[in-house]
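Peer 1: Sharing a structure here in structure tokens format.
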Ligand code: S3P
């Protein structure tokens with residue numbers, strides 16, 4: 001597979017876990033945009049949201065993306081909101097192959113609630129989070145590939161992605 005592999009999807013999609021597996025299998029570096037931001041700011045993502053606000057975090061995402069665009073070949077797990085700006089998917093698609101890890105909202109919500117502190121869930125009702133998800137779907141939907149993760153473990157998701165990448169490489173897309 002040539003180029004960068006970029007995983008997108010809502011919170012709870014499994015981008016970090018699957019990304020790590022893929023990087024290992026492909027012999028690539030694994031990068032998380034949240035980790036880049038956290039390292040640069042010297043603070044956790046919840047702390048950045050609490051101290052500097054969401055707008056600041058979104059600017060930091062933009063900056064992280066700019067740095068990643070300079071360097072090809074990694075496996076990148078993006079934060080759930082990173083692709084959700086006008087033109088952002090075009091930028092990501094120009095960097096490499098974009099894969100959407102999808103599932104139904106209920107599954108994503110349950111997983112996201114289980115998986116640690118997430119500022120975008122704090123203080124939002126389930127209905128509000130679902131509305132956020134619906135508003136983001138059109139962006140995720142612009143990925144090159146979509147894998148439905150609903151009934152799959154991370155290894156199976158990774159295997160599906162690798163298979164899809166091989167197929168794309170074979171047919172030259
Ligand atoms: C966010 C998702 C988080 C993180 C930040 C904002 C979002 O990443 O980037 O809390 O807007 O959906 P995960 O998708 O890895 O949870």
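The values are calculated or read from the model by the stated rules, or taken from the named source; none is laboratory data. Small disclaimer: the values here were computed from a predicted structure and weren't measured. In this analysis, Cβ positions are derived from the backbone assuming ideal geometry, glycine residues included, and neighbour counts consider all displayed protein chains.
Peer 1: Picking from 82, 5, 26, which residue would you name as being surrounded by 21 or more Cβ atoms within 10 Å (Cβ to Cβ), touching a residue at least 24 places away in the same chain (Cβ under 8 Å) and away from the ligand (no atom under 13 Å from the Cβ)?
Peer 2: Going through 82, 5, 26 in turn, just one is surrounded by 21 or more Cβ atoms within 10 Å (Cβ to Cβ), touching a residue at least 24 places away in the same chain (Cβ under 8 Å) and away from the ligand (no atom under 13 Å from the Cβ): 5.
Peer 1: Let me ask something else. Could you tell me whether residue 113 is touching a helix residue (DSSP H, G or I) at 6+ places or on another chain (Cβ under 8 Å), at negative phi and either within 12 Å of the ligand (Cβ to nearest atom) or part of a loop (DSSP other than H, G, I, E, B) (or both)?
Peer 2: Spelling it out, it is not the case that residue 113 is touching a helix residue (DSSP H, G or I) at 6+ places or on another chain (Cβ under 8 Å), at negative phi and either within 12 Å of the ligand (Cβ to nearest atom) or part of a loop (DSSP other than H, G, I, E, B) (or both).
Peer 1: Here is a further query. If we scan the range 96-108, do we find a residue that is surrounded by 22 or more Cβ atoms within 10 Å (Cβ to Cβ) and assigned to a helix (DSSP H, G or I)?
Peer 2: Scanning the range 96-108, I find at least one residue that is surrounded by 22 or more Cβ atoms within 10 Å (Cβ to Cβ) and assigned to a helix (DSSP H, G or I), so the answer is yes.
Peer 1: Take the range 29-39 and flag every residue that is within 12 Å of the ligand (Cβ to nearest atom) and closer than 20 Å to residue 140 by Cα.
Peer 2: Result: 32, 33, 34.
Peer 1: Test of understanding: among 42, 53, which residue is within 25 Å of residue 135 (Cβ to Cβ), out of contact with any helix residue (DSSP H, G or I) (no Cβ under 8 Å at 6 or more places or on another chain) and either modelled with pLDDT under 95 or more than 8 Å from the ligand (Cβ to nearest atom) (or both)?
Peer 2: Of the residues listed, the single one that is within 25 Å of residue 135 (Cβ to Cβ), out of contact with any helix residue (DSSP H, G or I) (no Cβ under 8 Å at 6 or more places or on another chain) and either modelled with pLDDT under 95 or more than 8 Å from the ligand (Cβ to nearest atom) (or both) is 53.
Peer 1: Continuing with this model, one more query. Considering only the range 116-133, how many residues are in a helix (DSSP H, G or I) and either crowded, with 18+ Cβ neighbours inside 10 Å or in contact (Cβ under 8 Å) with a residue 12 or more places away in the chain (or both)?
Peer 2: 5
Peer 1: Would you pick out the residues in the range 85-101 that are away from the ligand (no atom under 13 Å from the Cβ), in contact with a strand residue (DSSP E or B) (Cβ under 8 Å, 6 or more places away or on another chain) and more than 22 Å from residue 38 (Cβ to Cβ)?
Peer 2: 89, 96, 97, 98, 99
Peer 1: Within the range 69-79, count every residue that is surrounded by 14 or more Cβ atoms within 10 Å (Cβ to Cβ) and more than 16 Å from residue 22 (Cβ to Cβ).
Peer 2: Of the residues in that region, 2 qualify.
Peer 1: Looking at the range 29-92, what helices (runs of 4 or more DSSP H) fall wholly within it and have at least 3 residues that are within 16 Å of the chain's Cα centre (by Cα)?
Peer 2: The helices (runs of 4 or more DSSP H) meeting that bar are 33-41, 54-69.
Peer 1: Restricting to the range 8-23, name every residue that is touching a helix residue (DSSP H, G or I) at 6+ places or on another chain (Cβ under 6 Å), within 12 Å of the ligand (Cβ to nearest atom) and outside any loop (DSSP other than H, G, I, E, B).
Peer 2: Result: 8, 17, 18.
Peer 1: Still on this structure, I have one more. Which residue pairs have Cβ atoms closer than 6 Å, lie 6 or more positions apart in sequence or on different chains, and pair a first residue in the range 65-78 that is free of Cβ contacts under 8 Å to residues at least 40 places away in the same chain with a second residue that is more than 14 Å from the ligand (Cβ to nearest atom)?
Peer 2: Within 6 Å, the pairs are 69/95.
Peer 1: Of all residues in the range 14-23, which are under 8 Å from the mean Cα position of the chain (by Cα) and surrounded by 24 or more Cβ atoms within 10 Å (Cβ to Cβ)?
Peer 2: 15, the sole residue that qualifies.
Peer 1: Take the residues of the range 134-162 that are in a helix (DSSP H, G or I), in contact (Cβ under 8 Å) with a residue 60 or more places away in the chain and more than 12 Å from the ligand (Cβ to nearest atom): which is surrounded by the fewest Cβ atoms within 10 Å (Cβ to Cβ)?
Peer 2: Ranking the candidates gives 155 first.
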